[in-house]
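Report on the following structure.
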Amino acid sequence: MDTLILIIIIALIALIGGGVLVFFLKIKGLREKGEEIIKETKLEAEVIKKEKILQAKERFLQMKEKHEKYISDKKNKISISEHKIRQKENSFKQRKDDLNRKIKDYEITRKDTNAIRKNLTNQLELVDKKIAELDKHRKQQVEILERIAGISAEEAKEQLVKSLKAEARTEAMSYINDTVEEAKIAAKKESKRIVIQTIQRIGSEAAVENAVTVFHIENDEIKGRIIGREGRNIRALEAATGIEIIVDDTPESIVLSSFDPIRREIARLALHRLVTDGRIHPARIEEVVAKTKKQIDEEIIQTGKKTAIDLGIHGLHHELIKLVGKMKYRSSYGQNLLHHSRETAKLCAVMAAELGLNTNFAKRAGLLHDIGKVPDEEIDVPHALYGMKLAEKCKERPEVCNAIGAHHDEIEMTSLISPIIQICDAISGARPGARREVAESYIKRIKKLEDLALAEKGVIKTYAIQAGRELRVIVGSDKVSDNEIEKISYNIARKIEEEMTYPGQVKIIVIREKRAVNYAK
């Protein structure tokens, strides 16, 4: 028994010793690995150090070369100044020699000798004074040059760096201004190309929705059955659908009036079923209206899904799909909301592709940008902000939510998709025929457009054509010259921009015509 215990103890000691040995070996391995890492780090540090030293040397040599060039230029200027001074000295000396030579060469009388000598003495004194002034000026120049040459290397370096900085700053500003101007011109041209190409590639559809729907019937006898005894049927139909049914003397037609197009569509389909079936009474009316409502709800969902599939948009929340489907029965300024949203989504996708942005996000935001106009309940906030809240509630991406909320500048734009949505919304709404204007406001706008042009000096007649998108202005040839018609066209364009509100743009054409009329009798 004691032997067994002893053997067990020895085995335990061996196991513990082995573990300790393995532990120390691991520590030794880690230490060696750490030393290798330290060596590699030191080598990398040495390499970096050498590179930095080389860079510093290169920088020093460059600065030294610039400094030497600066000193050389100064020396050249000094030598030029000294050369000019020597030339002046030589000139004065030559004049002095000429005077001395004249004195010796010419024989003069004794009477004029004193005067000539006095004159020559005065001239010599003047020459000596000039020479003295030149010597003094030369000494001053030499002292200035000596002072310049006697500055320290650090001071010379600072002056050189300052002058180089000033020159570099001037050149950089000039280069930046030129680059910015070129970029503006290129960006303007590129933006026009993208917008025009986008509009050309997308087909436009226009639809006009009204506040009333006309239901046609075969004969006026059906009107009596729709009204029912003591008006029970028509009251039940109005109560079930929530619209106003107008039955008047208009032959073979009944007017369904409501600002809610979905209710008008439910009433129209329910009336069609009731008239086709022939059984018209309050209980039957409620049953048919309930079935029609269910059918319209299903149709709304199917329309939303079909629209999303057609545009290649996936993963829309079911509430958003329902709102998209409801757009089919909504209109904005006479433009069908679903057609407008589909058109905006296509425009956004094309424009985002041209600019290298995410086309899926652009299409998604373009389709959903007007969902704030669809809900049935009354809202106290702008439709863009309400649509953004709905999108956030349905877990849409922040870029899409911001594009929805910012397309009428109610909030700040935080992504590049937002201005694209705003632009494409304006393109879809401003194209000719997209939205309906009230006749009275349209006539007023056209009249004001013509009156603005007619008020310009020299204008005889004005004609607004193409729904107010083009203005023809005829001026008198005896009152306006060819050079002045450009100014008239420009002034009219500025007046229209400042005083009028209009979609798209207005083209102004000024015509000056000279006519000669004679009669043969």
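Brief remarks follow.
- Meets criteria (without any contact (Cβ under 8 Å) to a residue 60 or more places away in the chain, part of a helix (DSSP H, G or I) and closer than 17 Å to Ile217 by Cα) for Arg284: no
- Lone qualifier among Lys66, Lys57, Lys77 - being in contact with a Leu (Cβ under 8 Å, 6 or more places away or on another chain) and either more than 30 Å from Thr121 (Cβ to Cβ) or surrounded by 14 or more Cβ atoms within 10 Å (Cβ to Cβ) (or both): Lys66
- Check on Ile185, farther than 28 Å from His272 by Cα, modelled with pLDDT of 70 or more and not acidic (Asp, Glu): yes
- Against the criterion of being surrounded by fewer than 17 Cβ atoms within 10 Å (Cβ to Cβ), in the same structural domain as Met500 (by TED's automatic domain parsing) and either at pLDDT 85 or above or assigned to a helix (DSSP H, G or I) (or both), Ile443 qualifies.
- Conditions (1) over 25 Å from the mean Cα position of the chain (by Cα); (2) in a loop (DSSP other than H, G, I, E, B); (3) at pLDDT 85 or above; number of the one not met by Leu449: (2)
- Pick from region 474-501, criterion within 17 Å of Lys444 (Cβ to Cβ) and touching a Leu at 6+ places or on another chain (Cβ under 8 Å), ranking: surrounded by the most Cβ atoms within 10 Å (Cβ to Cβ): Ile496
- Filtered residue count, region 107-121, keeping only those that are within 20 Å of Phe92 (Cα to Cα) and either among the hydroxyl-bearing types (Ser, Thr, Tyr) or modelled with pLDDT of 80 or more (or both): 1
- For region 331-358, residues that are surrounded by fewer than 20 Cβ atoms within 10 Å (Cβ to Cβ) and outside any helix (DSSP H, G or I) total 6.
- Only a single criterion out of (1) outside any strand (DSSP E or B); (2) crowded, with 18+ Cβ neighbours inside 10 Å is not satisfied by Leu471, namely (1).
- Screening the candidates Glu265, Glu298 for the property of being in the same structural domain as Gly224 (by TED's automatic domain parsing), closer than 30 Å to Val400 by Cα and within 48 Å of the chain's Cα centre (by Cα) yields one hit, Glu298.
Let's see how each residue does on (1) out of contact with any His (no Cβ under 8 Å at 6 or more places or on another chain); (2) modelled with pLDDT under 75; (3) part of a helix (DSSP H, G or I); (4) of a type outside the set (A, V, I, L, M):
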{"position": "Gln200", "(1), (2), (3), (4)": "yes, yes, yes, yes"}
{"position": "Ala207", "(1), (2), (3), (4)": "no, yes, no, no"}
{"position": "Ile226", "(1), (2), (3), (4)": "yes, no, yes, no"}
{"position": "Ile234", "(1), (2), (3), (4)": "yes, no, yes, no"}
{"position": "Ala240", "(1), (2), (3), (4)": "yes, no, yes, no"}
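- Here region 396-409 is the region considered, the condition is being of a type in the set (D, E, K, R) and over 19 Å from Ile427 (Cα atoms), and the residue that is surrounded by the most Cβ atoms within 10 Å (Cβ to Cβ) is Glu396.
Table: residues versus (1) at positive phi; (2) of a type in the set (D, E, K, R).
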{"position": "Gly278", "(1), (2)": "yes, no"}
{"position": "Gln295", "(1), (2)": "no, no"}
{"position": "Glu298", "(1), (2)": "no, yes"}
{"position": "Asn360", "(1), (2)": "no, no"}
{"position": "Lys389", "(1), (2)": "no, yes"}
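- In region 289-296 there is at least one residue matching the filter, namely being farther than 30 Å from His369 by Cβ, hydroxyl-bearing (Ser, Thr, Tyr) and surrounded by 15 or more Cβ atoms within 10 Å (Cβ to Cβ).
- Those residues of region 305-326 which are in a helix (DSSP H, G or I) and under 14 Å from Ile404 (Cβ atoms), in sequence order: Leu320, Leu323, Val324
The values are calculated or read from the model by the stated rules, or taken from the named source; none is laboratory data. Given the structure is predicted, the values throughout are model-derived calculations rather than measurements. Reconstructed Cβ throughout: ideal geometry from the backbone, glycine too, with neighbour counts over all protein chains shown.
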